[in-house]
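S.K.: Below: one structure in structure tokens.
The values are calculated or read from the model by the stated rules, or taken from the named source; none is laboratory data. These numbers come from a predicted model, not from an experiment. Cβ coordinates were reconstructed from backbone atoms using ideal geometry, including for glycine residues, and neighbour counts include every protein chain displayed. Keep in mind that these areas ignore ligands, DNA and RNA; they rest on the heavy atoms of the full protein, side chains included. Shrake-Rupley method; radii C 1.70, N 1.55, O 1.52, S 1.80 Å.
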Amino acid sequence: MTVYSVHVRDTGLKPNLALVKDGFSWPAAVFGFIWALVIGAWDVALVLFAIQLAAGILAPLLILDPTAQSVVQVGVSVVIGLIANELRRWSLDRRGMFEDAVVTAHDKEEAERRYLDANPYMTSKLLRDI
């Protein structure tokens, strides 16, 4: 089972929900700042771009061995994968979406269903516009 944090912004008529899983983010590790651009976290994309740019510039200047440079780049990718979901939570918080609950489920759809089952007032708001 995976743990998801549920972030909510209640705009009055229709709330916005975002679920963020705990743990390592493979898409963020592989694609770096492009992952952040795709999810719409521009502030996170800027931070990741700066980290990747600094590693790309400093590694060749400080380390002569190409194998060691590759190890540094892989290490940066692993660190990005480890902190990516926390950065996403930070970005959601900056955009006014507060963490409302923590849900465990097998997948994202089940996590959303469990959250909505536990919060029927949210279900009625979400279904109001359908």
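S.K.: Using 0.36 nm times the number of residues separating Leu53 and Asp10, minus their current alpha carbon distance, what extension gain do you get?
M.R.: Fully extending the segment from Leu53 to Asp10 adds 11.8 nm.
S.K.: So, one more: Roughly how many percent of the accessible protein surface of the range 27-130 is carbon and sulfur, given a 1.4 Å probe and a whole-percent answer?
M.R.: 68 percent
S.K.: Could you calculate, for the chain, the ratio of the Cα radius of gyration to the Kirkwood radius, expressed as Rg to Rh?
M.R.: Value, to two decimals: 1.11.
S.K.: Also: From the residues Gln69, Phe31, Ala111, which one has its Cα farthest along the dipole of the chain in the positive direction, the dipole being from +1 and -1 charges on Cβ of Lys/Arg and Asp/Glu about the Cα centre?
M.R.: Ala111
S.K.: Here is a further query. Would you mind computing, in nm to one decimal, how far apart the modelled labels at Arg94 and Arg114 are, each placed 7 Å from Cα along Cα→Cβ?
M.R.: My value for the distance between the label points is 3.0 nm.
S.K.: For the range 32-54, list residues with backbone N below 17 Å from a point placed 7 Å from the Cα of Leu82 toward its Cβ?
M.R.: What the label zone holds, given the 17 Å backbone N cut-off, is 32, 48, 51-52.
S.K.: Give me the angle, in degrees from 0 to 90, between the Cα long axis of helix 42-62 and the longest principal axis of the Cα atoms of the chain, rounded to the nearest 10.
M.R.: Orientation of helix 42-62: about 10 degrees from the principal axis.
S.K.: Here's a follow-up. Got the relative contact order for the chain handy, in percent, Cα pairs under 8 Å and 6 or more residues apart?
M.R.: Relative contact order, the chain: 39 percent.
S.K.: If you don't mind, another one. Given the -39500 (n - 2.57) contribution per DSSP H run of 4+ residues, what per-residue ellipticity at 222 nm results for the chain, rounded to the nearest 500 deg cm²/dmol?
M.R.: -20000 deg cm²/dmol
S.K.: Please work out the average accessible area per residue across the chain, using the 1.4 Å probe convention, and give it in Å².
M.R.: 60 Å²
S.K.: Work out the length of the dipole vector of the range 31-130 about its Cα centre, built from +1 on the beta-carbon of each Lys and Arg and -1 on the beta-carbon of each Asp and Glu, and round it to the nearest 20 debye.
M.R.: Magnitude of the dipole: close to 200 debye.
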